Structure formats: structure tokens, C-alpha cells
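Values in this text are rule-based calculations from the coordinates and carry no lab data. The structure displayed is predicted, hence computed values, not measured ones. Neighbour counts run over all protein chains shown; Cβ positions are idealised from the backbone, glycine included.
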Amino acid sequence: MSYWLLKSEPSELSISDLAGRPARTESWDGVRNYQARNILRDGMRVSDLAFFYHSSCAEPGIVGIVQVASAAYPDPTQFQADHKHYDPDSKPADPRWWLVDVQLVRKLKRTISLTELKGHPELAAMPLLRKGNRLSVMPVSAAEWDCILRLE
DNA sequence: GCCAACGTTGGC
DNA sequence: GCCAACGTTGGC
């Protein structure tokens, strides 16, 4: 089993939005970065766990845990001409963008903020904490995962 | 293949 | 709103 971190702007999808859904699931569409795409498509497996991270908001940080609920499949929004994530160069026979479904496992008891995460040297190698890094889907090591959960 | 221009991300 | 950092595009 592997661990991951997924960023979401709460104005697009917050942890509370996810918690309010009947099946507490979301199709993680809209990823339009090749590195993130490769991680989604080639790295993630059903039942892997991921931190849910709020970005571009008042208190950026980790707010919950989700579980990968499907294998990767083509992101349907890339073929929808009226969709903001439409990609006219992607063809159904050879899809460029992929996604997985995720399901909420639980909210954390509190937000573990970006500021707090930066204060722990054992987390310094996380892409999340590296200056200028904008990756929205990234791996988390087992040691980092355990370390962050102990902060809760 | 180089690189300037541009668009996006995301913290502050 | 600002701006640093990064990815993508497209001319040459």
C-alpha cells in the first residue's frame, strides 16, 4: 500500500463538501499536469490512502484522509467541449488525462497547517514543502505519513 | 533545440 | 492583490 497527498481548493471541493455527499466520494477530475497525471494513472492503486489538503485558502493544510476507490480511468471532462477542463487535442482512443475516484475515510480532528508542517525537519523532503513546488498529486512516504498522523 | 512570452499555481 | 516559481507554447 502506498500513501499520497491530494490538493484541493476548498472553494472547488472542501473536505466538508466531500463529507456531505451520500457516498462521500469524488471523481478526482481536472488534473492537467503530466507529472500528476503519471502519478494518478501509474502509481495509485485501489485502497491506497491519501491526505486531503486544502490549498489557496485562509489556512492551507491537511484536513482529512481519503482512500483510492477506483483504478485510474480516462477523465471524461477532457472530451466535453463546454467544460473548463476540455482538451481538444486529447482523443478518446488515446486519452491524455486520467483520474481516480476517492472516498472520504475521515476528517482530521483539526487542520494540520502548512506552517506547522514546515516546522518538522523530518518532513522537509516532501514536495509540498519545497519552495515553488506546485504538484497537486504527490507521494508521501510511510515515515512522513506516520509523522503527520502523530501531529493530529 | 533554444528561449522568450505567457498562463497558472498557490503562499502570503 | 502581489509575486515567485514553474510548465507550456510557439517562433526561429
Checklist outcome for this item: The summed charge of the A:Leu128 Cβ neighbourhood (under 13 Å; Lys/Arg +1, Asp/Glu -1) stands at +3
Item to check | Binned Cα-Cα distance frequencies in the range A:1-51 - 5 Å width, integer % | outcome: 5, 16, 27, 26, 19, 7, 0
Next on the checklist: Checking the cross-link filter: which lysines have an alpha carbon closer than 20 Å to that of A:Lys131, excluding same-chain neighbours under 8 positions apart?
Outcome noted: A:Lys7, A:Lys118
Checklist entry - Angle between the Cα long axis of helix A:142-151 and the longest principal axis of chain A, 0 to 90 degrees, nearest 10? => result 60 degrees
Item to check | Cβ crowding within 10 Å averaged over residues, with A:54-60, A:96-102 ranked highest first | outcome: A:96-102, A:54-60
Checklist entry - Charges only on Cβ, +1 for Lys and Arg, -1 for Asp and Glu: so what's the dipole of chain A about the Cα centre, in debye to the nearest 20? => result 260 debye
Next on the checklist: Which one, A:Pro95, A:Ser27, A:Gly132, is farthest towards the positive end of the dipole of the range A:3-132 when Lys and Arg carry +1 and Asp and Glu -1 on their Cβ?
Outcome noted: A:Gly132
Checklist entry - For the range A:3-132, what D do you get in µm² per second when you plug the Kirkwood radius from alpha-carbon pairs into Stokes-Einstein at 25 °C and 0.890 mPa s? => result 157 µm²/s
Checklist entry - Which one of A:Leu117, A:Leu40, A:His83 has its Cα pushed farthest toward the positive end of the charge dipole of the range A:3-132, where Lys and Arg give +1 and Asp and Glu give -1 at the Cβ? => result A:Leu117
